[in-house]
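The values are calculated or read from the model by the stated rules, or taken from the named source; none is laboratory data. Bear in mind that the values here come from a model prediction, so they are computed numbers and not experimental data. Heads up, the Cβs are rebuilt from the backbone with ideal geometry, glycines too, and the neighbour counts pull from every protein chain shown. Keep in mind that these areas ignore ligands, DNA and RNA; they rest on the heavy atoms of the full protein, side chains included. Shrake-Rupley method; radii C 1.70, N 1.55, O 1.52, S 1.80 Å.
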Amino acid sequence: MNNIPVIMIIFGGSGDLAHRKLYPALFNLFEQGLIHDNFAVIGTARRPWSHEYLRDQVSDAVHETHNEVDENDLAAFASHFYYQSHDVTNVEHYETLKNLAQDLDDRYSAQGNRIFYMAMAPKFFGTIAEHINDQHLTSSGFNRIVVEKPFGRDLATAEELNKQITASFAEDDIFRIDHYLGKEMIQNILPMRLTNPLIKNIWNNHNIKNVQVTLAEQLGVEARGGYYETAGALRDMVQNHIFQIITLLAMPEPKDLTSQSIHKAKQELLDSMVIPTEDEIERHFVRGQYLGSDVTFGYRQEPNVAEDSHTETYVAGEVKFKKGPLADLPIYFRTGKEMREKKNRIDIVLKHMSNQYGMAHSNNISIIIDPQMQIFITINGKKINESGIRRENLSYGLSSDEQKQVPDGYERLLHDVFVNDSTNFTHWSELKNYWKFIDHVEEAWQKENEQGQEPEQYLPYRMGPKSAAKIFESPTERWIYE
Ligand code: BG6
């Protein structure tokens, strides 16, 4: 791999994301030679840390995520890190940061290349973007910005943030990161769809009955109650991860695999997204909130959560498109905290075909994203010593050794930023469509709240609210994963 010269500035360098994800991912890229001699990372945050302290933190972060580490490599890697205490609202601090970046650029021959990474509380993204612009932090080489989610809180705030960012960065240099797009099995959706005649030929609304996307978590909101109160499951998981998955499932086939063709195909689909009416939201959406157990808090008892909070920790709903191979089909989704187990999966339910055996079950194609990585197709065959039909799974999976080799999503996506590949990032035009849909649902829920309706309370560590099945359009439909 090439050694890419760059100065990377991480806003939020003392934070959890940098520690758990970014430092280990950067170390792996260093080990592979993508960044080597000509790079430096500036971690910024308000705390008064020293360079040495940051380097110790970086080493700890790498040790915590790697079983074996070459200590010489790690020391060499950590020596490229610098800390700058920085208050994002203080204009003068940007001047100091700019000077440090310039010094390091000279020292490391970074050729004026900059990557700015917004890894802190989203409420500061706009301010940082504004000051990168008015304090002229961009440099003479490439200038790229990586923005964590959530990108805005609705369409209006997303538009405002986008305006602030595009003052300094072209759309092609804005990398709106969604870590789900770095996951192995999500990156497997297109190859699976496009290379198997068996699947490609049935990938249409004549053969598929419905699609179901489940992102279930066992954890609750933990220490993130403050943030979660401003988000809820719809903004936290659907607006980004679930919509990205659905887009990959439902988009028309791209002409080729370039980033442009893929985004063009995505856009064609999203322009045909159907915005549900209030009545459809009432019928095909369920929102829930987890209750406590003997040993765990209910959502409303979590720290920094209002006692009468209406924030949903579970949502199930439906989306449809007018175009693409799955046009007019119901695509169901659900996500929730404190569900029975961690399980991210997609189930494609094929239509039933009448047959001489009276067999009622058709085939399903299931893609397990987490925690295993697997695709399986249910197949019908004969029973051995009696008449009748039995079902078995045909499966494609990664062995546990292979699963260990799969790079973390952040490593993949950071690599893409370095090599300027925006295929697996969210473009502004996509995001706009997602927000339009979300805003509509949020508005309908707001009205429901005003009429005294609340999210349905559900027992923790089960499959969500009792009424979750009401979202289906027909009584013959049910969740494949129950
Ligand atoms: C994040 C959400 O984007 O995704 C979290 O903010 C959620 O609330 C997380 O827990 C789930 O990601 P993963 O990769 O663990 O499924």
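Overview of values
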{"read-out": "On Cα atoms only, tilt of 259-270 relative to the major axis of the chain in degrees", "value": "50 degrees"}
{"read-out": "Cα-projected label distance for Arg20 with Lys404, points at 7 Å along beta-carbon direction, nm", "value": "2.3 nm"}
{"read-out": "Sequence-distant lysines (8 or more away, or on other chains) whose Cα lies within less than 16 Å of Lys343", "value": "Lys183"}
{"read-out": "Spatial extent of the chain: Rg and Dmax, with the Cα atoms as the point set, Å", "value": "23.8, 82"}
{"read-out": "Cleavage-rule hits (chymotrypsin sites (Phe, Trp or Tyr not before Pro)) in the stretch 318-368: DSSP loop, at most 14 neighbouring Cβ within 10 angstrom", "value": "Tyr357"}
{"read-out": "Hits among aspartates and glutamates - C-alpha to C-alpha of Lys466 under 18 Å, sequence gap 8 or more where chains match", "value": "Glu217, Glu282, Glu312, Glu318, Glu338, Glu341, Glu454, Glu456, Glu477, Glu482"}
{"read-out": "22 Å Cα-Cα threshold exceeded, pairs from Lys209/Lys383; Lys209/Lys322; Lys21/Lys266; Lys200/Lys255; Lys163/Lys432", "value": "Lys209/Lys383; Lys21/Lys266"}
{"read-out": "Label-point separation in nm, Tyr481 to Arg47, each point 7 Å along Cα→Cβ", "value": "3.6 nm"}
{"read-out": "Full-stretch length increase - Ala167, Asp279 - with 0.36 nm per residue and alpha-carbon distance subtracted", "value": "36.3 nm"}
{"read-out": "Segment Leu198-Gln32, length gained on full extension (0.36 nm per residue, minus Cα span)", "value": "56.1 nm"}
{"read-out": "Beta bridge orientation in the chain: antiparallel %, DSSP, nearest 5", "value": "55 percent"}
{"read-out": "Under 16 Å from the Cα of Lys123 - aspartates and glutamates, other chains or at least 8 residues apart", "value": "Asp87, Glu148, Asp154, Glu159, Glu160, Glu229, Asp236"}
{"read-out": "Computed [θ] at 222 nm, deg cm²/dmol, the chain (DSSP H ≥ 4; -39,500 (n - 2.57); rounded to nearest 500)", "value": "-10000 deg cm²/dmol"}
{"read-out": "Surrounding net charge for His19, when Lys and Arg each add one and Asp and Glu each subtract one, Cβ distance under 9 Å", "value": "-1"}
{"read-out": "Sequence-separation-based contact order of the stretch 326-423, relative, with Cα cut under 8 Å and 6+ spacing, percent", "value": "17 percent"}
{"read-out": "Listed residue (Tyr228, Pro197, Ile208) projecting farthest to the positive dipole end of the stretch 196-236, Cβ model", "value": "Pro197"}
{"read-out": "Summed residue charge, Cβ within 13 Å of Ala156's Cβ, Lys/Arg positive, Asp/Glu negative", "value": "-2"}
{"read-out": "Most positive-pole-ward Cα, Ala156, Ala45, Gly141, against dipole of the stretch 24-157 from beta carbon charges", "value": "Ala156"}
{"read-out": "Computed accessible area, Val274, all protein chains, 1.4 angstrom probe, square angstrom", "value": "50 Å²"}
